[in-house]
Amino acid sequence: MSSLAEVILLGPEEEARRLLDRDPAALGPNVALRPLLEDFVFPHAARVAGPTELLYHDELAPAYEVLGIYRPRLVPRLSATRPSATITPS
């Protein structure tokens, strides 16, 4: 029986219990839910993130609001370019 059919026939709670028995890892948070779960369990004031992570977290903003989870302030990670030790004339 497929997961969707189990949810429809058995209800979400019973289906979740069966899924937990069969494959516990299947109920773990995926990449989209991981930051939400972390911020719910371990609330913090700020999250240091790179450029791509900042965009990713902006996309999650509505989920924070809907779930009522405090969204930490996003702080850009320091990014710098180190010049080479020798300067070559052009």
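The values are calculated or read from the model by the stated rules, or taken from the named source; none is laboratory data. What you are looking at is a predicted structure, and each value in this text was computed from that prediction instead of being measured. When we count neighbours, we look across all protein chains shown, and the Cβ atoms used for this are built from the backbone with ideal geometry, even at glycine.
Side notes on the structure shown:
- Once segment 13-30 is narrowed to residues that are among the aliphatic types (A, V, I, L, M) and in contact with a helix residue (DSSP H, G or I) (Cβ under 9 Å, 6 or more places away or on another chain), the residue that is modelled with the lowest pLDDT is Leu27.
- Candidate set from segment 49-66 (those that are surrounded by 12 or more Cβ atoms within 10 Å (Cβ to Cβ) and of a type in the set (Gly, Ala, Ser)); member that is farthest from Asp39 (Cα to Cα): Gly50
- Members of segment 67-90 found to be of a type in the set (A, V, I, L, M) and either modelled with pLDDT of 90 or more or surrounded by 10 or more Cβ atoms within 10 Å (Cβ to Cβ) (or both), listed by number: Leu67, Ile69, Leu74, Val75, Leu78
- Where a residue in segment 37-63 is closer than 14 Å to Arg77 by Cα and its partner, wherever it lies, is surrounded by 14 or more Cβ atoms within 10 Å (Cβ to Cβ) and not small (Gly, Ala, Ser), with Cβ under 6 Å and at least six apart: Ala46/Pro72; Arg47/Pro72; Arg47/Leu74; Ala49/Leu74; Leu54/Leu74; His57/Leu74
- Flag for Gly50 being in contact with a Ser or Thr (Cβ under 8 Å, 6 or more places away or on another chain), modelled with pLDDT of 90 or more and not charged (D, E, K, R): yes
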